[in-house]
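I have a structure here, written as structure tokens, and I will follow up with some questions on it.
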Amino acid sequence: NYFVERGAAVLPPSPAHAHVDGPMYVYLPDELLLAEEDRSATERLLGDAFRGRGARPVPPGLATIRLAPGRDAFAMATELVVEGRRVAAPHMVLTPGTHWSWGSATDPTPAPPLGAATMNNGGHHVAVVDTGMFQPIPAGLGVGIFEPDPVDVQAPVGFVDWFGAGHGGFVAGVIDHHAKGAMIDVYRGFDASVKTPTETAIISAVDRALAGGANVVNLSVGTYGAFGDPPVGLLHAMRRWQRSHSELLIVAAAGNDGLSDPWYPAGFAGMPEFAEWVVSVGATDSKG
């Protein structure tokens, strides 16, 4: 916002669409996400709305379908129901906060020291899946593996800033402060082809984190589900991770809107199959 207001940057056209009939969520307009096992049935149901199979790499067990020009993913997904089960859904975009707001803000200034750390969690291996990590990493921060945050405040693309440039580094710093001794890895959950944190990009980043040895994954990002359902890709991935990494704990932000609608992946904490495996973290406002 600082640079846009001063004419030093131009906001690019969004590669995503916002659905605002109810809690707002953002999705890729011309692509469906589904389980691989439902691909053939979905292609038949789509008929002439089917353009082709998605080109981007997807995590295990998932598939993407490209729609014909002029066909919207949300509108098409409403019709893709077999025996009462929705077989495909929009490919969701996850954000650090659900409402993007534009307005004046003061220039950033250093915060005062936080004081002594409150906990010691030596031996834990935490992965932050977010915007990545600034370079160089501050001295003394317990970061091991990291993927860079490009910041992007004046780059020609500029889209990263919509999703909170610096957010991943901030989250890593909070964890480092409260969990001295923990190893922290920071991963970038952005899809390179559309420059947004899509479901599949976040899932792939978590897969990298698990391959790197993480036993706690922090996800301070999320989305509401289309049709009130959990996002199809995240749900499929959660079940896969639960089967293969029973020791894993996922800590996820509950969103910034103060609504009762579940914001995923934090919303999985309200489902019995994940209740002991996912921690949903909320907060209060300035009035408590």
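Among the residues of region 228-243, which ones are open to solvent by 30 Å² or more (accessible area, probe 1.4 Å) and touching a strand residue (DSSP E or B) at 6+ places or on another chain (Cβ under 7 Å)?
Once the filter is applied, which keeps residues that are open to solvent by 30 Å² or more (accessible area, probe 1.4 Å) and touching a strand residue (DSSP E or B) at 6+ places or on another chain (Cβ under 7 Å), region 228-243 yields Asp229, Pro230, Val232, His236.
Is it true that Ala237 is small (Gly, Ala, Ser) and assigned to a strand (DSSP E or B)?
no
Hey, could you check region 42-84 for residues that are assigned to a strand (DSSP E or B) and under 25 Å from the mean Cα position of the chain (by Cα) and say which is farthest from Ala192 (Cα to Cα)?
It comes out as Leu67.
Looking at region 253-264, can you tell me whether even one residue there is buried (at least 20 other Cβ atoms within 10 Å of the Cβ), touching a strand residue (DSSP E or B) at 6+ places or on another chain (Cβ under 6 Å), at positive phi and not in a helix (DSSP H, G or I)?
Scanning region 253-264 turns up at least one residue that is buried (at least 20 other Cβ atoms within 10 Å of the Cβ), touching a strand residue (DSSP E or B) at 6+ places or on another chain (Cβ under 6 Å), at positive phi and not in a helix (DSSP H, G or I).
How many residues does region 201-211 hold that are in contact with a His (Cβ under 8 Å, 6 or more places away or on another chain) and closer than 15 Å to Gly132 by Cβ?
0
For region 173-189, give me each residue that is under 19 Å from Ser204 (Cβ atoms), out of contact with any His (no Cβ under 8 Å at 6 or more places or on another chain) and either open to solvent by less than 20 Å² (accessible area, probe 1.4 Å) or modelled with pLDDT under 85 (or both).
Val186, Tyr187, Gly189, listed by residue number.
Assess whether Asp152 counts as being outside any strand (DSSP E or B) and either open to solvent by less than 60 Å² (accessible area, probe 1.4 Å) or at pLDDT below 85 (or both).
yes
Could you check how many residues of region 28-67 are of a type in the set (A, V, I, L, M, F, W, C) and either surrounded by fewer than 17 Cβ atoms within 10 Å (Cβ to Cβ) or touching a Leu at 6+ places or on another chain (Cβ under 6 Å) (or both)?
Counting residues in region 28-67 that are of a type in the set (A, V, I, L, M, F, W, C) and either surrounded by fewer than 17 Cβ atoms within 10 Å (Cβ to Cβ) or touching a Leu at 6+ places or on another chain (Cβ under 6 Å) (or both) gives 7.
Can you tell me how many residues in region 191-220 are part of a helix (DSSP H, G or I) and open to solvent by less than 10 Å² (accessible area, probe 1.4 Å)?
Residues that pass the stated criteria total 7.
The values are calculated or read from the model by the stated rules, or taken from the named source; none is laboratory data. Note that the coordinates shown come from a computational prediction; the quantities given were computed from them, not determined experimentally. Glycine also receives a Cβ, built like all others from the backbone with ideal geometry; neighbour counts cover every protein chain displayed. The protein model used for the area step is the full one, side chains on, heavy atoms only, and it has no ligands, DNA or RNA in it. Shrake-Rupley method; radii C 1.70, N 1.55, O 1.52, S 1.80 Å.
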